[in-house]
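Asker: Dropping the structure in here first, questions after.
The values are calculated or read from the model by the stated rules, or taken from the named source; none is laboratory data. Please read all numbers here as calculations on a predicted model, not as lab measurements. Virtual Cβ from ideal backbone geometry, glycine too; neighbours counted across all protein chains shown. We work out accessible area using only protein heavy atoms, side chains counted, and drop any ligands, DNA or RNA first. Shrake-Rupley method; radii C 1.70, N 1.55, O 1.52, S 1.80 Å.
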Amino acid sequence: MNLCCLIMDNVSFVKVFILSGFNETIHYRVALFAFTSLYYSLILFFNISLVMIIVLDENLHEPMYVLLVSFCINGLYGTTGFYPKFLLDLLSSSQVISYEGCLIQAFIVYSFVCCDMSILAVMAYDRYLAICRPLHYHSFMTKRRLSQLVCFSWLTPFCILSISIMLTSKLKLCGSKIQKFFCVNWIIVKLACSEADTLSNSIFAYITIVVYMCHGFFIIWTYMHLIKTCARSKEDRVKFMQTCVPHLVSLTTFVIVILIDLMYMRFGSADLPQSLQNFIAIEFLLIPPVMNPLIYGFKLTKIRNRILGLVCLRRK
């Protein structure tokens with residue numbers, strides 16, 4: 001009996017998936033484990049530190065910083081769905097994941113990506129109000145409105161991805177090999193038997209893409225107004241450089257790594273070296289979770305001053 005499938009004639013019921021992306025790592029797993037452990041520790045340290053600095057300092061209890069806390073927590077959420085399992089697989093003789101575990105991991109990874117986009121859209125809206133509508137900012141961005149926006153940025157992706165994963169769970173699968181380090185919803189769908197109806201999965205996938213493209217267009221719209229407004233005033237230009245540049249860098253990095261991953265997943269060649277395929281697959285879990293807290297920590301004046309104050313205090 002095969003480890004991954006219970007086979008009866010031409011019918012198969014997948015119980016476990018093989019993560020075949022690990023095949024190329026067999027000769028340097030110890031080094032990769034050490035590097036990944038250090039890197040994941042840095043992700044935890046940078047994001048948790050930034051969250052704690054904002055939570056413990058009442059002067060930072062402003063909408064922009066609350067949204068930044070949400071951004072960092074999402075980074076912790078997404079990376080926790082990947083790194084612990086990845087580290088265990090590096091130490092294991094067989095790299096497999098249960099059917100249920102695979103669906104859960106796919107949900108976490110996808111919802112992490114969608115939450116990032118939603119939070120970036122909300123952060124763009126916050127900066128638009130602060131710079132383009134400064135007189136109305138505090139009347140618009142109340143605690144209640146802020147809570148609603150944070151809930152929107154989390155619950156919308158969770159609801160969308162729950163439906164997507166539910167549709168995938170109803171598919172009959174005839175394959176068990178995933179050419180990655182982790183589970184991805186679209187790859188699970190591609191393992192469906194030829195007679196399985198994947199039309200609803202495809203339609204919902206495109207609906208999801210359209211929803212988050214709308215997020216992208218909204219961000220572009222807000223920045224068109226931001227740039228137009230900031231061109232009129234030196235004070236607004238300074239505010240734009242201090243608070244909007246970190247957001248733009250995070251947004252640009254996020255969009256680039258996600259587009260590369262999506263384009264490769266849909267249209268990429270399987271002839272590329274497995275190591276390059278692996279890097280393309282996980283770059284959105286490598287770059288933004290470390291880069292975002294560093295950019296905001298060093299660029300936002302209040303946070304930078306708070307960090308420098310803590311460093312100087314310890315030296316004394």
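Asker: Looking at the range 58-78, is at least one residue open to solvent by less than 40 Å² (accessible area, probe 1.4 Å), closer than 25 Å to LYS177 by Cβ and touching a helix residue (DSSP H, G or I) at 6+ places or on another chain (Cβ under 9 Å)? So that I can check it myself, show each step before the final result.
Answerer: Kept after step one, since they are open to solvent by less than 40 Å² (accessible area, probe 1.4 Å), are these residues of the range 58-78: 60, 63-65, 67-72, 74-76, 78.
Filter once more, keeping what is closer than 25 Å to LYS177 by Cβ: 78.
Applying the additional criterion that residues be touching a helix residue (DSSP H, G or I) at 6+ places or on another chain (Cβ under 9 Å) yields 78.
Scanning the range 58-78, I find at least one residue that is open to solvent by less than 40 Å² (accessible area, probe 1.4 Å), closer than 25 Å to LYS177 by Cβ and touching a helix residue (DSSP H, G or I) at 6+ places or on another chain (Cβ under 9 Å), so the answer is yes.
Asker: Here's something else I'd like to know. Checking the structure you have, find out if any residue of the range 85-99 is without any contact (Cβ under 8 Å) to a residue 60 or more places away in the chain and among the β-branched types (Val, Ile, Thr).
Answerer: no
Asker: Restricting attention to the range 79-95, report how many residues are buried (at least 19 other Cβ atoms within 10 Å of the Cβ) and over 23 Å from the mean Cα position of the chain (by Cα).
Answerer: The qualifying residues number 1.
Asker: Would you please name the residue that is nearest to ASN201 (Cα to Cα), looking only at residues in the range 142-168 that are over 20 Å from the mean Cα position of the chain (by Cα) and either open to solvent by 50 Å² or more (accessible area, probe 1.4 Å) or at pLDDT below 90 (or both)?
Answerer: So the first thing to find is which residues in the range 142-168 are over 20 Å from the mean Cα position of the chain (by Cα), and the list is 142-148, 166-168.
Imposing the further condition that a residue be either open to solvent by 50 Å² or more (accessible area, probe 1.4 Å) or at pLDDT below 90 (or both) reduces the set to 142-145, 147-148, 166.
On the way: THR142: 38, LYS143: 38, ARG144: 36, ARG145: 34, SER147: 32, GLN148: 29, MET166: 10 Å.
Once the filter is applied, the top-ranked residue is MET166.
Asker: Within the range 228-236, is even one residue open to solvent by 60 Å² or more (accessible area, probe 1.4 Å) and touching a residue at least 24 places away in the same chain (Cβ under 8 Å)? Step through it out loud before you land on a result.
Answerer: Narrowing the range 228-236 to residues open to solvent by 60 Å² or more (accessible area, probe 1.4 Å): 228, 231-232, 234-235.
From what is left, the residues that are touching a residue at least 24 places away in the same chain (Cβ under 8 Å) are none.
No, because not a single residue in the range 228-236 is open to solvent by 60 Å² or more (accessible area, probe 1.4 Å) and touching a residue at least 24 places away in the same chain (Cβ under 8 Å).
Asker: Check PHE217 against each of (1) open to solvent by 40 Å² or more (accessible area, probe 1.4 Å); (2) assigned to a loop (DSSP other than H, G, I, E, B) and name the one condition it does not meet.
Answerer: (2)
Asker: If LEU313 satisfies all but one of (1) crowded, with 19+ Cβ neighbours inside 10 Å; (2) over 20 Å from GLY216 (Cα atoms); (3) at pLDDT below 85, what's the number of the condition it fails?
Answerer: (1)
Asker: Pairs, please: C-beta under 7 Å, at least 6 apart or cross-chain, first residue at negative phi and in the range 38-67, second basic (Lys, Arg)?
Answerer: ILE53/ARG306; ASP57/ARG306; ASN59/LYS302; LEU60/LYS302
Asker: Could you tell me whether the range 221-237 includes any residue that is within 21 Å of the chain's Cα centre (by Cα) and part of a helix (DSSP H, G or I)? Explain how you work it out, then say what you get.
Answerer: Step one: filter the range 221-237 for residues within 21 Å of the chain's Cα centre (by Cα), giving none.
The answer is no; no qualifying residue exists.
Conditions tested, residue by residue: (1) at pLDDT below 90; (2) not hydrophobic (A, V, I, L, M, F, W, C).
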site	(1), (2)
GLU24	yes, yes
ILE43	no, no
ILE53	no, no
ASN74	no, yes
GLU100	no, yes
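Asker: Looking only at the range 172-190, count how many residues are open to solvent by less than 30 Å² (accessible area, probe 1.4 Å) and part of a loop (DSSP other than H, G, I, E, B). Quick ask: steps written out before the conclusion?
Answerer: Step one: of the range 172-190, the residues open to solvent by less than 30 Å² (accessible area, probe 1.4 Å) are 173, 175-176, 178, 180-185, 187-189.
After this cut, where a residue has to be part of a loop (DSSP other than H, G, I, E, B) as well, the list is 175-176, 180-184.
Residues flagged as open to solvent by less than 30 Å² (accessible area, probe 1.4 Å) and part of a loop (DSSP other than H, G, I, E, B) within the range 172-190 amount to 7.
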